[in-house]
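Colleague: I have a structure here, written as structure tokens, and I will follow up with some questions on it.
What follows is calculated from the coordinates using simple rules that are stated; it is not laboratory data. Treat the numbers as computed from the prediction; the structure is a model and nothing was measured. In this analysis, Cβ positions are derived from the backbone assuming ideal geometry, glycine residues included, and neighbour counts consider all displayed protein chains.
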Amino acid sequence: MKRNPREIEQTHRKLSRRALVVGGLQLGFVGALGMRMRYMQVDQADEFRLLAEENRVNIRLIAPSRGELFDRNGIPLARNVPSYRLVMVREDAGDIDTTIANLAKLVDLDPDELNRALDEMRRRPPFLPITLADRVSWEDISRVAVNAPALPGVTPEVGLTRVYPHGPDLAHVVGYVGPVSDYDLEQIEDPEPVLRIPRFQIGKVGLEAREEDLLRGKAGAKRVEVNATGRVMRELDRREGQPGADLQLTVDADLQSYVQARLAGESASAVVIDCETGDLCAISSAPSFDPNLFVQGISVADYRMLTEDKYRPLANKSVQGTYPPGSTFKMVTALAALEAGVVGPGDTVWCPGYLSISGRRFHCWKGGGHGHMNLQDSLKQSCDVYYYDVAIKTGIDAISSMARRLGLGVRHELPMSAVARGLAPDRAWKQEVHNQTWLVGDTANAAIGQGYMLASPLQLAVMAARIATGRAVTPRLVKSVNGVERPSGRGEPLDINENHLRQVRRGMDEVTNGRGGTAYRSRIIAEGFQMAGKTGTSQVRNITKAERAAGVINNRDLPWERRDHALFVCFAPLEAPRYAVSVVVEHGGGGSTAAAPIARDVMLQALYKGTPPLEAYPTADREKMREQQEKLQRERHNRQSGASDRA
């Protein structure tokens, strides 16, 4: 059918309009696309260039250098030393088992360390380096380098590792570091990224742990170029981190070494405090352990040996251990009674060997009794009945208040693990904790440092220093941080009558320097260096009525763990106190025989700042002391030789 020319013209006009609309739309789209391309390529070029760069460049953390520790004389106690290690990148190694087998032919690989590395390899991305062996020798590094073609993915590296040159001598004070564990991360609310670096080390116990924030420092960073799989291609630049702070401690490494050697063979502790500054010059616990064993992870066998030792070498007895202070507490009871006005220096108490309280006999250590006792004689001969009597007149609340004033029952803030508070109980404490009324018999027990009363060797040393000076001497362990001195622990004057303190000091003088004193055999005879002290023996078992009737069993005849603890506290010189010392020998028997001789030797070592002359000892002891000094010098020389090897 032939179309009408008019219809054809109309159709042509419609098509032209459609073509124009479509063409306009296409042109608009192309224009918009062009403008968008220009916007992205020109206006937003810097932003997209940065995004592309971030896809190609990674930021990696650089572990900071840990702060080092020094003693009061600048001797290193914890150092960072260069260490060679062998690392493996799993994705480069190919057949891991074959590579490790080849490496084992060249280098001794610790099985425990290797198992830890393989476990870490399974948990970490394949491009991260994992340490296979640490602290390897230069000879091992050379053999690995020569055989590199047979060891794909294995690379030698140089890093820093922690070393404790003095080993066991300061283990309980300094503590040790170790790799960050999952448990460590769980204990931190918002862990820093640096803590997630494989095998990064942090303080685990002791000062290393308590001063972690100061010692760790701040991490640095480096920019590295990586490929599509994340493998590092090259390092672009780096920013070094801020090293941790160096800490100088108040401890004298040489004195500490002597004390550890003197305590050898005992389960014991000793504390030496400077009465002028509160500085802890020695704070020892025996036996000890080598903290270097823990740095890379201790073996199961070594750890079992430490945990199964009945002398508990891992426990820091000087600050964690709490013991009934025994007769070393009698100065507290005496001062409380003097301050309360219930007794005077010349007042006497009759001691027939016991005191009957509420139908029960409280015995004196001397079965036949001491007769008439005044304050000084009661301290000199350590009469228990005297203190039963005056304590009942004074009351437990006043006694406990005096104990806290002298540093007992108070947690002293030190950067050490698990510093104990001890216990200076009173009426309110027993009601709150045991829901029981305080009894008169409880007061009698507390008066001689038994019953609920508990104190640590650190607290006993503080008590002795406060009695010696009349000031609230506070223990200090960190002397300075990066050369900036920490506040002194000299302390303000105590609110105790000076004449009462003088009376107690005279009694302590009689203990060591008066004939018949319980520590007379452990006196110092060097002119101007005389020592005042107090013995103590704390029971760890009850003595039954039947046993008293048959005769109390001698400590030597009992199993070790049932023997009494031996204690001694002292200060010297008598007229101008410089040091206070406390010694506790677990299950050592009598304080006069086990603890006092150790305290005397430690005090002389501190006063003379080295081996004292034999003339400082009583004539009868000099040959024995000469042999002891020679023996200890040999032992310390051997220990120091080991320290040099570790350094």
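Colleague: Going by average Cβ density within 10 Å per residue, which order do the peptides 168-180, 353-365, 138-150, 311-323 take, highest to lowest?
Modeller: The peptides rank, most packed first, as 168-180, 311-323, 353-365, 138-150.
Colleague: FRET efficiency for Arg36 and Glu225, Cβ-Cβ distance as r, R0 = 25 Å, nearest 0.05?
Modeller: E between Arg36 and Glu225, to the nearest 0.05, is 0.25.
Colleague: Now for a different question. Restricting to the chain, what percent of DSSP beta bridges are antiparallel, rounded to 5?
Modeller: Of the beta bridges lying entirely in the chain, close to 95 percent run antiparallel.
Colleague: For segment 59-249, what is the charge dipole size about the Cα centre, in debye to the nearest 20, if Lys and Arg each add +1 at the Cβ and Asp and Glu each add -1 at the Cβ?
Modeller: Once rounded to the nearest 20, the dipole reads 500 debye.
Colleague: On average over all directions, what projected area in square nanometres does segment 394-545 have, based on the convex hull of its Cα atoms?
Modeller: 13.1 nm²
Colleague: Still on this structure: Can you compute the radius of gyration and Dmax for the chain, using only the Cα atoms, both in Å?
Modeller: Rg and Dmax of the chain, Cα atoms, are 36.4, 153 Å.
Colleague: If you average the C-alpha positions of segment 449-463 and of segment 71-108 separately, how far apart do those two centres end up, in angstrom?
Modeller: When both Cα centres are located, 47 Å separates them.
Colleague: Another question about this same structure. In the neighborhood of Glu276, defined by Cβ-to-Cβ distances under 12 Å, what is the net charge if each Lys or Arg adds +1 and each Asp or Glu adds -1?
Modeller: Net local charge, Glu276 excluded: +2.
Colleague: Further question: In nanometres, what is the gap between the two model label sites at Asp397 and Met305, each 7 Å from Cα along Cα-to-Cβ?
Modeller: Label-label distance for Asp397 and Met305, simple model: 5.6 nm.
Colleague: If you rank Met35, Met88 by fewest surrounding Cβ atoms within 10 Å, what's the result?
Modeller: Fewest-to-most ranking of Met35, Met88: Met35, Met88.
Colleague: Same structure, new question: So how do Met625, Met402, Met531 line up by other beta-carbon neighbours within 10 Å, fewest first?
Modeller: The fewest-first ordering by Cβ neighbours comes to Met625, Met402, Met531.
Colleague: In bins 5 Å wide, starting from 0, what share of all Cα pairs of segment 59-249 does each bin hold, as a percent?
Modeller: With a bin width of 5 Å, the distribution comes to 1, 7, 13, 17, 18, 17, 13, 8, 4, 1, 0.
Colleague: Right, next: Using label points projected 7 Å from each Cα along Cα→Cβ, tell me how many nm separate Leu439 and Thr348, to one decimal.
Modeller: Taking the two extended label points, one gets 3.3 nm.
Colleague: For Arg404 and Leu314, calculate 0.36 nm times their separation in residues minus their Cα-Cα distance, and state this gained length in nm to one decimal.
Modeller: Separation in residues times 0.36 nm, less the Cα-Cα distance, equals 29.6 nm.
Colleague: Could you tell me which of His372, Ile202, Pro129 has its Cα farthest along the dipole of the chain towards the positive end, charges placed at Cβ (Lys, Arg +1; Asp, Glu -1), taken about the Cα centre?
Modeller: Pro129
Colleague: Ok, one more. When the Cα atoms of segment 385-427 are enclosed in a convex hull and the volume is divided per residue, what value in Å³ results?
Modeller: 81 Å³
Colleague: Using Cα centres only, tell me the gap between segment 577-629 and segment 378-448 in whole Å.
Modeller: About 29 Å separates the Cα centre of segment 577-629 from the one of segment 378-448.
Colleague: Turning to a different aspect of this structure: Hey, which lysines would be in cross-link range of Lys609, C-alpha to C-alpha under 30 Å, not counting anything within fewer than 8 residues on its own chain?
Modeller: Lys317, Lys380, Lys479, Lys534, Lys624, Lys631
Colleague: Then there is this: Just add up the charged neighbours of Thr619: K/R +1, D/E -1, any other residue whose Cβ is under 13 Å from the Cβ of Thr619.
Modeller: Its environment carries a net charge of +2.
Colleague: If R0 is 60 Å, what FRET efficiency do you get for Ala104 and Ile553 from their C-beta distance, rounded to 0.05?
Modeller: So the FRET efficiency works out to roughly 0.55.
Colleague: For the charge dipole of the chain, defined by +1 on Lys and Arg C-beta atoms and -1 on Asp and Glu C-beta atoms about the Cα centroid, which residue among Val349, Met453, Val390 has the Cα displaced farthest towards the positive pole?
Modeller: Farthest towards the positive end: Met453.
Colleague: Go ahead and run the numbers for FRET between Arg626 and Lys218, Cβ-Cβ distance against an R0 of 51 Å, rounding to 0.05.
Modeller: 0.40
Colleague: Spin-label point model (7 Å from Cα, Cβ direction): what's the Asp182 to Ser356 distance in nm?
Modeller: 6.8 nm
Colleague: Sort out for me the Cα centre separation of segment 136-195 from segment 254-321, rounded to whole Å.
Modeller: 24 Å
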